[in-house]
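Take a look at the structure set out below.
The values are calculated or read from the model by the stated rules, or taken from the named source; none is laboratory data. For clarity, every value in this text was computed on a predicted model and none was experimentally measured. Glycine also receives a Cβ, built like all others from the backbone with ideal geometry; neighbour counts cover every protein chain displayed. When the accessible area is computed, the model is the full protein with side chains, heavy atoms only, and any ligands, DNA or RNA have been set aside. Shrake-Rupley method; radii C 1.70, N 1.55, O 1.52, S 1.80 Å.
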Amino acid sequence: MTRLTAEFWVSAYLNRLRLYEIPAFVVTHGDDTAGAVLVKLNTLDGNAKAFQRSFDLMSGERAWMVLAEGAESDVDAALAKQRSFDPDLWVIEVEDRQGRHLLDEPGLAD
């Protein structure tokens, strides 16, 4: 199965968020072709949550899992640690008081 490039996926994700009028921006631009993508959800109340895509070894399915959550500074530290391991990593920040990130929507969840 052919996979989308990271740049294409990020562009599509940002466009989908715009349709719902959810502000989002690229914090770190990773490798255009194969960079992994992390999504930070900032609820604008001092808290945040970071998501990473993981594979379920039993089913082979891809799913978004919580990498870190809590105080925004703690989440930012976890993201910085991940970036230190992987220079090809993308970080997208979504800002929504309602906690919407759309990662559970069709086309983004899988």
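Say whether the condition of being open to solvent by less than 80 Å² (accessible area, probe 1.4 Å), over 23 Å from Phe8 (Cα atoms) and without any contact (Cβ under 8 Å) to a residue 40 or more places away in the chain is met by at least one residue in region 25-42.
no
Which of the residues belonging to region 1-22 are outside any helix (DSSP H, G or I) and open to solvent by 70 Å² or more (accessible area, probe 1.4 Å)?
Met1, Thr2, Arg3, Leu4, Tyr20, Glu21
Looking at Ser54, Ser59, which is the one that is free of Cβ contacts under 8 Å to residues at least 40 places away in the same chain and assigned to a strand (DSSP E or B)?
So the residue among Ser54, Ser59 that is free of Cβ contacts under 8 Å to residues at least 40 places away in the same chain and assigned to a strand (DSSP E or B) is Ser54.
Within the group Val75, Val27, which residue is out of contact with any His (no Cβ under 8 Å at 6 or more places or on another chain) and assigned to a strand (DSSP E or B)?
It is Val27.
Within the bounds of region 85-108, is there any residue that is in contact with a Lys or Arg (Cβ under 8 Å, 6 or more places away or on another chain), open to solvent by 60 Å² or more (accessible area, probe 1.4 Å) and of a type outside the set (Asp, Glu)?
Among the residues of region 85-108, not one is in contact with a Lys or Arg (Cβ under 8 Å, 6 or more places away or on another chain), open to solvent by 60 Å² or more (accessible area, probe 1.4 Å) and of a type outside the set (Asp, Glu), which makes the answer no.
Considering region 18-39 alone, what residues qualify as being over 12 Å from the mean Cα position of the chain (by Cα) and among the aliphatic types (A, V, I, L, M)?
Answer for region 18-39, where residues must be over 12 Å from the mean Cα position of the chain (by Cα) and among the aliphatic types (A, V, I, L, M): Leu19, Ile22, Ala34.
Can you name the residue in region 64-84 that is among the aliphatic types (A, V, I, L, M) and exposed (fewer than 15 other Cβ atoms within 10 Å of the Cβ) and is also modelled with the lowest pLDDT among such residues?
Met65
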